[in-house]
Amino acid sequence: MTTCPPSSSNLLSWLRSAEALQCTQDQRNLLWVAASPPLLAPHAETPSDFTFSDTQLAYLCSDPAGRCLHQQLQKNRSHFLGTYYESLWSFLIQACSDLDLVAQNLQVNHDGKTVGEFDFLVQDKRRRRLLHQEVAIKFYLYDPSTQPGRWRGPNARDRLDLKLAKLRDQQLNLSQNPSALHTLREMQLTVFATQFQIQGYLFYPHTGTPPQDESPLHPDHQRGLWYYPAPLIAHLEQRDKRHDEGIGWQILHDKRQWLAPFLQTASKAVMNTEDLLAYLRVEARGTFRPALIVKVAEQKGAWVEQERLFLVPGSWPLTTKPAPTL
């Protein structure tokens, strides 16, 4: 018999338990999107939280919901994490009784050229208003080398402050564009309000350097640490080996595993600390793509994420080699 989290208030902690293995990776990611705090502090354009009853949560954890979600994801297959995230957001809108999905990725054209795109047009049925929503999944590392410091992506050209500027200056104003107004009028739609949501993780320097970026952050945002190879090697070499029992590591090559906390049955192997050190010593000698690494512990027959780290080459953030596109 399956057991589902009893309420949305404990979803994040439940996703870090062996019980969550009853759900597929995609279902766990879906629940993570429903429950994870945004990166930024609440603001005027913050969407309302997804609210689900116990019955609705039970359905989202069920096999029929897993099959339905898989079918929707197959229709929108993409190697881009952003597209995958938008598909999860779309599924949640359709599962929420207070919302109706009116349009997704609605392009606005003028003279044969695209001038913009609405991520989502959503009908708030309780308040009887149409919402324009822009959403994104991001993984930023704090770079203290500039004044002020900056939150940068694995591809250092991707910055949180620039993303916010683009959202507020361009994307959120799309409904005021004459071509967009024409498109909306043809669909007999009027946008009442604009909203945006950025979810993901923020990675802090392992040195403990406090951020001085002006972006207001959510106090409960998801977080981790980032390292260059040499400091991480030194940190692991100095560990107390008596605590190695029941501890493992996993490099998350599949970006779909970057959302919900890592979870895997204990019957499947993970790297031990010496394996990770061997990997790091090879990576430290050359140029490599940034990597997301999780520390796991064995709990009730499962490997459960305890901590996540981002490993970047010594050239970051000055590298000109592009990182994988999200």
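In the chain, what % of DSSP beta bridges are antiparallel (nearest 5)?
About 70 percent, rounded to the nearest 5.
Could you check the simple spin-label distance between Asp275 and Gln25, using points 7 Å along Cα→Cβ, in nm with one decimal?
Taking the two extended label points, one gets 1.6 nm.
Leaving ligands, DNA and RNA out of it, report the carbon-plus-sulfur percent of the accessible area of region 17-81 at a 1.4 Å probe.
Solvent-exposed carbon and sulfur of region 17-81 make up 52 percent of the total.
Would you grab the residues whose amide H sits under 5 Å from the one on Arg150? Only those 5+ places off in sequence or on another chain, please, with H modelled 1.01 Å from N.
Asp143, Ser145
Given H placed 1.01 Å from N in the peptide plane, which residues other than close sequence neighbours of Asp158 have an amide H under 5 Å from its amide H?
Result for Asp158 returns Gly153.
Would you work out the charge dipole size for the chain about its Cα centre, treating the Cβ of every Lys and Arg as +1 and the Cβ of every Asp and Glu as -1, and quote it to the nearest 20 debye?
420
Measure off, as a whole percent, the carbon and sulfur share of the 1.4 Å-probe accessible area of region 230-326, all protein chains present.
Carbon and sulfur: 49 percent of the exposed surface of region 230-326.
Using alpha carbon centroids, what distance separates region 241-271 and region 13-37, in Å?
15
Using the basic label-point model (7 angstrom from Cα toward the beta carbon), what is the Ser13 to Glu237 distance in nanometres?
Between Ser13 and Glu237, the label points sit 4.0 nm apart.
Accessible area per residue of region 153-209 at 1.4 Å probe, in Å²?
51
Please give every one of the aspartates and glutamates within straight-line cross-link reach of Lys125, meaning a C-alpha to C-alpha distance under 13 Å, and leave out same-chain neighbours fewer than 8 residues apart.
Asp98, Asp100
First compute the accessible area of region 94-175 with a 1.4 Å probe, then give the percent of it belonging to carbon and sulfur atoms.
C and S fraction of accessible area: 40 percent.
Hey, can you grab everything whose amide H is under 5 Å from the amide H of Val135? Only 5+ residues off in sequence or another chain; H modelled, so Pro and N-termini drop out.
Amide H neighbours of Val135: Gln197.
Can you give the extra length, in nm with one decimal, that the chain gains between Ala297 and Ser53 once fully stretched, where that is 0.36 nm per residue apart less the Cα-Cα distance?
Length gained between Ala297 and Ser53: 84.7 nm.
At 1.4 Å probe size, with every protein chain present, just tell me what the per residue accessible area of region 1-84 comes to in Å².
Here the per-residue accessible area is 51 Å².
Treat each spin label as a single point 7 Å out from the Cα along the C-beta direction, and report the Arg289 to Asn109 distance in nm.
It works out to 3.3 nm between the two label points.
Going toward the positive end of the dipole of region 218-273, with +1 on Lys and Arg Cβ and -1 on Asp and Glu Cβ, which of Phe262, Asn272, Pro219 do you reach last?
Farthest towards the positive pole: Phe262.
Express in nm, to one decimal, how much length is gained between Ser97 and Asn173 on full extension, taking 0.36 nm for each residue of separation and deducting their alpha carbon distance.
Answer, rounded to one decimal: 24.6 nm.
The values are calculated or read from the model by the stated rules, or taken from the named source; none is laboratory data. Note that the structure is a prediction, hence the values are computed from the model and not measured. All Cβ positions, even for glycine, are placed from backbone atoms using ideal geometry, and neighbour counts span all protein chains on display. With ligands, DNA and RNA removed, areas are computed over all heavy atoms of the protein, side chains included. Shrake-Rupley method; radii C 1.70, N 1.55, O 1.52, S 1.80 Å.
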